[in-house]
Amino acid sequence: MSAKALGPVRRKFAPWNDPSAVPLIKIRDVSKAFGSFTAVNNVSLDIYEREFFALLGPSGCGKTTLMRMLAGFETPSAGSISIAGEDLAGTPPHKRPVNMMFQSYALFPHMSVEKNIAFGLEMDKLPKGEITARVEEMLKLVKLETFAKRKPHQLSGGQRQRVALARSIAKRPKVLLLDEPLGALDKKLREETQFELLDLQMALGMTFVIVTHDQDEAMTMADRIAVMNHGQFVQISPPAELYEQPVSKYVADFIGDINLLEGRVTKNERGHIVLGSEVTGGRIESLGETVAGLGDKAWFAVRPEKVSIDLQPPNDPTVNTASGTVWDIGYVGDISVYHVKLDNGGTMRASIANTRRVVERPISWEDKVFLTWAPDSGIVLTK
Amino acid sequence: MANPLQAQNRRWILTAIPYLWMVIFFLVPFFIVLKISFSNSEIAQPPYSPVFDFLTDGWDESLDKLTSLTTDNYLRLIQDSIYSSSYLSSLWIAGSSTVMMLFIAYPIAYGMARAPKSWRPTLVMMVILPFWTSFLIRVYAWIAILSEEGLLNSALAWLGVIDEPIQILSTNTAVYIGILYSYLPFMVLPLYSNLEKMDDSLIEAAKDLGCTQIGAFWRVTFPLSLPGVIAGCFLVFIPAVGEFVIPDLLGGSDTIMIGKTMWEEFFNNRDWPAASGVAIALLIILMIPIMIFQANEARQQEAGR
Ligand SMILES: Nc1ncnc2c1ncn2[C@@H]1O[C@H](COP(=O)(O)OP(=O)(O)OP(=O)(O)O)[C@@H](O)[C@H]1O
Ligand SMILES: [Mg+2]
C-alpha cells in the first residue's frame with residue numbers, strides 16, 4: 001500500500017501518508033452483528049478532513065450498515081467511532097455532526113421543497129432571516145430555485161435527489177454521508193452530478209463519505225476508495241493505486257477488467273519476479289515485490305489495455321507472451337476488446353484504443369495472434 | 001372470442017350492477033322515507049296518509065293526495081326543543097367520544113405498527129376478534145360489568161376503593177364506555193394501516209437533521225398520519241351520532257340521543273312521519289361530515305399513498 005511505487009505523487013492532497021495528520025473520523029475495530037450474522041466485521045479506518053472517501057463493494061457487503069453506524073442509526077456491536085476526537089458511543093443521531101443523504105432520499109412528502117431544506121435549520125433554531133437566506137442559497141446551488149414551493153411528489157427523480165442533497169448539506173455538517181446518492185439517475189445526469197458534487201465538496205470544505213457500487217463513480221470522485229467484501233475492507237487506496245496495484249485477485253477483478261495468469265514462482269530477487277506459466281507456455285517476467293517464495297502459486301495480473309496484440313510472432317516467444325486465436329471482438333466505441341482463446345487453454349483479453357474509424361480491422365475473427373506485454377505492465381498477486 | 005357487441009353488453013351490465021344496487025337498496029327506501037316524512041300521522045294501517053296507489057287513483061285523486069302532503073313534521077323538528085336537544089346531545093356525545101377514541105386508539109395503532117412484523121397480523125386479529133360475537137351480546141355484557149352488583153363494582157369494593165357501589169350503568173358515562181369499546185376497531189384499523197406503511201427512513205431523516213424522537217413524531221409521523229386520523233374519526237363519528245342500541249341499553253332516562261328519540265317516535269308514538277322527518281334531517285346533518293370524509297379519501301387516493 002505504499003504510494004511511493006506510483007512514482008511522483010500527483011495528488012497534493014494525501015494526508016493519509018502524513019503520519020502527523022490527525023484523522024477527522026476514527027473507526028476502530030468496529031463490528032456489527034445482526035443476530036448471528038456479522039454484517040460488518042472488525043473494521044478500522046481513518047478518514048481525514050476534506051477527504052472524499054468512497055465505500056465500494058458488492059451488494060450486501062455492509063456499506064450501508066457502516067454508514068448507519070456513523071450516522072447513529074445502528075450501534076456497533078464492538079469497537080468505537082469518533083469524530084473530531086469525540087467518541088460517538090451513546091450520542092443519538094440528532095446530536096452528531098454528521099448528516100446523511102438517504103439511499104431512498106427520504107424527503108418529507110408533506111413538506112414543500114423549501115420546507116424540506118429548511119427542516120434541519122429550523123431544528124437548529126437559527127433566526128428566520130438566516131434560514132431563508134440559507135435555503136435560497138441551497139436552492140441556487142442545486143438549481144431548483146423555481147421549484148421551491150413544489151411538493152416532492154411533483155418532482156422528477158433527479159430533482160428529488162437534488163433536494164435530498166440540498167437538505168443534507170444545508171446544515172453544513174462536518175461530515176456528509178451519501179448512500180448511493182446517484183443510484184436513480186441516468187448516466188448523463190449522473191456524470192454531471194458527480195462533478196457538481198465534487199465542486200460542492202471543494203467549495204464547502206466538507207468531508208464526504210459516499211457509498212456506491214459503481215466503480216467508475218468511485219474512481220472519478222474519490223480521494224480514496226475502500227473496497228469492501230463480506231463486511232471487511234479488502235483494500236483502502238487512492239483510485240490509481242487501487243487500479244494499478246490491487247492487493248488481491250478479488251480487488252483486481254472488482255475494479256475494471258483484468259487478465260489473471262496463473263503460474264509458479266521460479267525466481268524472486270531484487271524486484272524481479274519470474275513465473276513459469278502453463279497458460280502462456282513460457283515465462284512471465286515482472287518487476288515488483290512479492291511475498292511468494294520459490295515454487296509458490298501466484299498470478300500475474302495485467303489489464304487488457306496493457307496487452308498488445310499482433311499478427312506477427314514476437315522476437316522472443318518464451319517471455320511475456322501468449323499465442324491464440326481471436327474468438328470475439330467487442331466494440332465499445334472508444335476501444336475494441338479482443339477476446340483471445342489461448343493455445344494452452346484459457347482466455348485473455350487485449351484492448352486497443354480506436355484512434356481511427358474502424359472500417360476494416362487488421363485483426364479479425366479466427367486470426368492467429370500473439371499477445372505481449374511489458375514486465376512493468378502488471379503485478380504479481382499471491383491471493 | 002366474444003364479438004364486440006357482446007363484450008360491450010357485458011361491460012354495460014357490469015357497470016350497471018352497482019347502480020342497480022344503489023337504486024334498490026338506497027334510493028328507493030330513501031324516497032319512501034322521504035315521502036313518509038311529508039305525510040300526516042294517522043291512526044290507521046299504515047299509520048300515515050296519504051297513501052298513493054298509482055293503479056286505481058285517478059288524476060284528480062292523485063292531485064288531491066299530493067296537495068295533502070305537509071311540511072309539519074319538519075316544522076315540529078325546529079319548534080319542539082326535544083329534537084334540537086337530541087341532535088345536539090348526539091353530536092356532542094359522538095364528537096367527544098371520537099376525540100377520546102383518538103387518544104386511546106392512536107397509541108394502540110402506533111404500537112401495533114411498530115411491533116415486529118411477524119406479530120402484526122396477530123395484533124390486527126386481536127383488534128378484530130370481538131367482532132366475531134354479536135354486537136348486542138357485547139353491549140349486554142357491559143351491563144353485567146357496569147351494574148351496581150356488576151364486576152366492576154365488586155372488584156372496586158373488594159379492593160377497598162369504594163364502600164358504596166357507584167352508579168355507572170344508566171348514565172352517560174356508560175354510554176361513552178359502550179361507544180369507545182364498540183367502535184375502537186373503526187379508529188384503530190385506519191390509523192394502523194396508515195402508520196404501518198410509513199417509511200422508517202423519514203423518521204431517521206428527521207432525527208438526522210436534528211429532531212429528537214418526540215420531535216420527529218410531531219413533525220413527521222403525526223402530520224403524515226392525518227389522513228388515517230380523519231378516516232378513523234369519521235368512521236367513528238358518523239355511526240355514533242345515530243347510535244341507538246348503546247344509549248338504549250347502557251344510558252339512563254336522561255341520556256337523549258337522536259337514535260333513541262327516533263325509536264320512541266316510531267314505536268312508542270307510532271308516529272311514522274315524525275320519525276321519518278327525524279331520520280331525513282339526521283341524514284342531511286351527517287351529509288357534511290360524510291362529504292368531508294369522501295373528499296379526504298379521494299385526496300388520499302390521488303396522492304397514491
Ligand atoms: N436490520 C438488519 N437486520 C438483519 N440483517 C441486516 C440488517 N441490516 C442489514 N442486514 C444485513 O447485513 C448485510 C449488509 O447490509 P448492508 O445494507 O450494509 O449492505 P450494503 O453493502 O449497503 O448493500 P447494498 O449495496 O445492496 O445497499 C446484508 O446481508 C443485510 O441482509
Ligand atoms: Mg446499501
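The values are calculated or read from the model by the stated rules, or taken from the named source; none is laboratory data. Quantities reported herein were computed from a predicted structural model and do not represent experimental measurements. Cβ placement follows ideal geometry from the backbone for every residue including glycine, while neighbour counts extend to all protein chains displayed. Areas reflect the complete protein model, heavy atoms only, side chains present, ligands, DNA and RNA absent. Shrake-Rupley method; radii C 1.70, N 1.55, O 1.52, S 1.80 Å.
If each residue of separation counts as 0.36 nm, what is the full-extension length gain between A:I335 and A:L260 once their alpha-carbon separation is subtracted?
Separation in residues times 0.36 nm, less the Cα-Cα distance, equals 25.0 nm.
Cα-Cα over 29 Å: which of A:K32/A:K143; A:K63/A:K140; A:K32/A:K306; A:K32/A:K95; A:K63/A:K174?
Values: A:K32/A:K143 39 Å; A:K63/A:K140 31 Å; A:K32/A:K306 41 Å; A:K32/A:K95 21 Å; A:K63/A:K174 20 Å.
From A:K32/A:K143; A:K63/A:K140; A:K32/A:K306; A:K32/A:K95; A:K63/A:K174, over 29 Å: A:K32/A:K143; A:K63/A:K140; A:K32/A:K306.
With a point put 7 Å past each Cα toward its Cβ, work out how far B:L102 is from A:L204 in nm, to one decimal.
Simple spin-label model gives 3.8 nm for this pair.
Helix A:157-169: angle to the longest alpha-carbon principal axis of chain A, degrees 0 to 90, nearest 10?
Compared with the principal axis, the helix lies near 70 degrees.
Test of understanding: in a Gaussian network model of chain A with alpha carbons linked when under 10 Å, which of A:G346, A:G72, A:G60 would top the mean-square fluctuation ranking?
Result: A:G346 has the largest fluctuation of those listed.
For B:K35, which lysines qualify as cross-link partners when the Cα separation must be under 18 Å and same-chain residues fewer than eight apart are set aside?
B:K65
Size of region B:143-265 along its principal axes in angstrom, Cα-based, largest extent first?
So the extents along the principal axes, rounded to whole Å, are 56, 44, 18.
Give the average, rounded to an integer, of partner chain Cβ atoms located within 10 angstrom of each Cβ in B:197-206. The partial results should precede the final answer.
Numbers: counts 0, 0, 5, 3, 9, 8, 2, 8, 16, 7.
For this peptide, the per-residue mean of nearby foreign Cβ atoms is 6.
Could I have the simple spin-label model distance between A:N315 and B:T173, label points 7 Å from Cα toward Cβ, reported in nm to one decimal?
In this crude spin-label approximation the distance works out to 10.9 nm.
Compute the distance in nm between two label points, each set 7 Å from the Cα along the Cα-to-Cβ direction, one at B:S253 and one at A:E244.
Here the modelled spin labels are 10.2 nm apart.
Tell me which residues come under 5 Å, amide H to amide H, from A:T347 once H is placed; ignore anything under 5 positions away on its chain.
Counting only residues 5 or more places away or on other chains, the set is A:L342.
Reported to two decimal places, what Rg/Rh ratio describes the protein assembly as shown when computed on Cα atoms with Rh from the Kirkwood expression?
On the Cα set of the protein assembly as shown, Rg over Rh gives 1.18.
For an R0 of 41 angstrom, estimate the FRET efficiency from the Cβ-Cβ distance between B:A16 and B:W59 and round to the nearest 0.05. Intermediate values should be presented prior to the final figure.
Numbers: r = 33 Å, r/R0 = 0.81.
After rounding to 0.05, the efficiency reads 0.80.
Suppose R0 equals 41 Å; then what is the FRET efficiency for A:K267 and A:S77 from their Cβ-Cβ distance, rounded to the nearest 0.05? Show your work: numbers first, answer last.
Numbers: r = 47 Å, r/R0 = 1.14.
Approximately 0.30, to the nearest 0.05.
Over region B:77-304, what percent of the accessible surface lies on carbon and sulfur atoms, probe 1.4 Å?
69 percent
Could you rank B:W272, A:W327 by how accessible they are, 1.4 Å probe, largest area first? Walk me through the numbers before you get to the answer.
Details: B:W272 65, A:W327 120 Å².
I get A:W327, B:W272, largest accessible area first.
Considering only C-alpha atoms, what is the centroid distance from region B:70-117 to region B:123-173, in Å?
Value for the Cα centre distance between the two parts: 21 Å.
Counting only heavy atoms of protein chains, what accessible area per residue, in Å², does region B:77-304 have with a probe of 1.4 Å?
50 Å²
Quick one: length gained pulling B:T212 to B:D163 fully straight, 0.36 nm per residue minus the C-alpha distance?
Gain on extension, B:T212 to B:D163, equals 13.0 nm.
Solvent-accessible area per residue for region A:250-334 at a 1.4 Å probe radius, Å²?
Here the residues of region A:250-334 average 50 Å² of exposed surface.
Can you show me the helix-derived [θ] at 222 nm for chain A, built from DSSP H runs with n ≥ 4 at -39,500 (n - 2.57) apiece and divided by the number of residues, rounded to the nearest 500.
Per the formula, -6500 deg cm²/dmol.
Could you work out the mean count of beta carbons from other protein chains within 10 Å of each residue's beta carbon in A:101-111?
5
Report the gain in length on full extension from B:A298 to B:T122: 0.36 nm times residue separation, minus Cα-Cα distance, nm rounded to one decimal.
Roughly 60.4 nm would be gained on extension.
List residues of region A:243-283, by number, whose backbone nitrogen lies under 19 Å from a label position 7 Å along Cα→C-beta of A:W327.
A:258-262, A:278-281
Across the residues of A:112-125, average count of Cβ atoms on other protein chains within 10 Å? All intermediate terms of the calculation are to be shown ahead of the outcome.
Details: counts 0, 0, 0, 0, 2, 1, 1, 8, 6, 2, 4, 10, 2, 1.
Average per residue, whole number: 3.
To the nearest 500 deg cm²/dmol, what mean residue ellipticity at 222 nm is calculated for chain B from DSSP H runs of n ≥ 4 alone, each contributing -39,500 (n - 2.57), summed and divided by the residues?
Counting only the DSSP helices, I get -22500 deg cm²/dmol.
Tell me the accessible surface of A:D343 in square angstrom (1.4 angstrom probe, heavy atoms of protein chains only), to the nearest ten.
The value for A:D343 is about 80 Å².
Provide the FRET efficiency to the nearest 0.05 for the A:A89-A:E136 pair, computing r from the beta carbons and using R0 = 51 Å.
So, using R0 = 51 Å, E works out to roughly 0.85.
Rounded to the nearest 100 Å², what is the sum over both chains of accessible area buried where B meets A, with a probe of 1.4 Å?
So the buried area, both faces added, is about 1700 Å².
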